[in-house]
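Structure record follows, encoded as structure tokens.
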Amino acid sequence: MKIFGAFCLTILLLAVIVSAIGVVWTRHESRILFVELSRLQSQKDDLGVEYGRLELEQATYAEPSRIDAEARARLSMYTPKQQDIQLVRR
């Protein structure tokens, strides 16, 4: 009977130790994942700021006055004279 009690006590002790190691391992993994989550959230915020900056830049380049100025300066385009305009009907 004493052997059975010692055996049960040993099994319970091993179960407690394994459980404690499991808790420590789980907390460690949780901390690692939290650090990764924080890093990814920071990266998401940085990308959001960059996206906003790029949208603003795109809006600046898409302004009709800028397009007109670029067409005149780089491509030597101009507004046609009234007599050069022809109306084509179907």
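Read-outs throughout are calculated quantities, based only on the coordinates presented, and are distinct from any laboratory measurement. None of these values were measured; they are calculated from a predicted model.
Annotations for the structure displayed:
- CD proxy at 222 nm, helix term only [per DSSP H run n ≥ 4: -39500 (n - 2.57); per residue of the chain; nearest 500]: -29500 deg cm²/dmol
- Backbone geometry of segment 66-77 corresponds, through the Karplus equation with coefficients 6.51, -1.76 and 1.60 at θ = phi - 60°, to 3J(HN,Hα) couplings of 5, 4, 4, 5, 5, 5, 5, 6, 8, 9, 6, 7 Hz, x marking Gly and Pro.
- Extension gain, Ile85 to Leu40: 0.36 nm times the residue separation minus the Cα-Cα distance gives 10.5 nm.
- For Cα Rg over 2.2 N^0.38 Å, calculated from these coordinates, the label among [x] 2.98; [y] 1.24; [z] 1.03: [x]
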